[in-house]
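Nothing in this text is a laboratory measurement; each read-out follows from the coordinates by a stated rule. Note that the structure is predicted; figures quoted are calculated from it, not measured. Every residue, glycine as well, gets a Cβ built from its backbone with ideal geometry; the counts of neighbours run over all protein chains shown.
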Amino acid sequence: MSANERYWAFLSVLHRRPDAWAALSGSAKNPDLHGTVRFYQTKYGVLTAAEVSGLPAAAERCGNAVFGFHIHSGSRCSGNEDDPFADALTHYNPENCPHPAHAGDLPPLFANRGYAFQVFLTDRFSVREIIGRTVIVHDAPDDFTSQPAGNAGAKIACGQIRARQARADGQI
């Protein structure tokens, strides 16, 4: 398959129902933050599409509008006063790789007036492996260096990854 044919094949994947998805919700300090992350299994890896709105604005014109974005190993978006998503646990890392080679390390979200949209391909996990885990947005960019988790700051949004559900007529 040529690069051009692969490009069009990936675009067509985005028109089908995802194999899994997560609905992101912001913490109590970020109630307007929400979004959807969709996961599509392909023969090349997992095509991931993220759309997030309500991201905090940078305090200054040249301030940070980049947010850490990861799959975490936990299965719940709950926590405590200090960490509202503590139960999401740590980065998904089934091979015990050093950071930034964790399976759950994803490209950062770049906000545009509070909105981010990105599509990327990864072969670090399959859709089946991440169902039931969580997707986290952090309030700072991942530095891709610090151990164990990239110094990405507080967790500001979370969503549980769910398998695609069968339709009422029994079709997937």
- request: Note the angle between two axes, namely the Cα long axis of helix 3-13 and the longest principal axis of the Cα atoms of the chain, as a number of degrees from 0 to 90, rounded to the nearest 10.
  value: 80 degrees
- line: Ordered by number, the trypsin sites (Lys or Arg not before Pro) in region 1-51 that occupy a DSSP loop and have at most 10 other Cβ atoms within 10 Å are 16, 43
message: I'd like the Karplus ³J(HN,Hα) series for region 29-38: coefficients 6.51, -1.76, 1.60, θ = phi - 60°, whole numbers in Hz, and an x wherever there's a Gly or Pro.
response: 7, 9, x, 8, 7, 7, x, 9, 10, 10
message: At a threshold of 8 angstrom on Cα-Cα distance, excluding pairs fewer than six apart, so keeping six or more, what relative contact order does the chain reach in percent?
response: 27 percent
query: Nearest 20 debye, what's the magnitude of the dipole of region 22-163 about its Cα centre given +1 on Lys and Arg Cβ and -1 on Asp and Glu Cβ?
result: 480 debye
statement: Expressed in angstrom and rounded, the centroid-to-centroid distance over alpha carbons for region 71-95 and region 101-148 is 13 Å
- prompt: From the backbone phi of region 117-130, what are the Karplus-calculated ³J(HN,Hα) couplings (6.51 cos²θ - 1.76 cosθ + 1.60, θ = phi - 60°) in whole Hz, Gly and Pro given as x?
  reply: 9, 8, 10, 8, 10, 9, 10, 7, 7, 9, 4, 4, 6, 9
task: Taking all pairs of distinct Cα atoms, average 1/r, flip it, and tell me the Kirkwood hydrodynamic radius of region 77-127 in Å to one decimal place.
output: 13.3 Å
Sum of -39500 (n - 2.57) over DSSP H runs of 4+, divided by residues of the chain (222 nm, nearest 500): -2500 deg cm²/dmol
field: For the chain, the fraction of alpha-carbon pairs in successive 5 Å shells from zero, as %
entry: 2, 9, 17, 21, 21, 15, 10, 5, 2, 0, 0
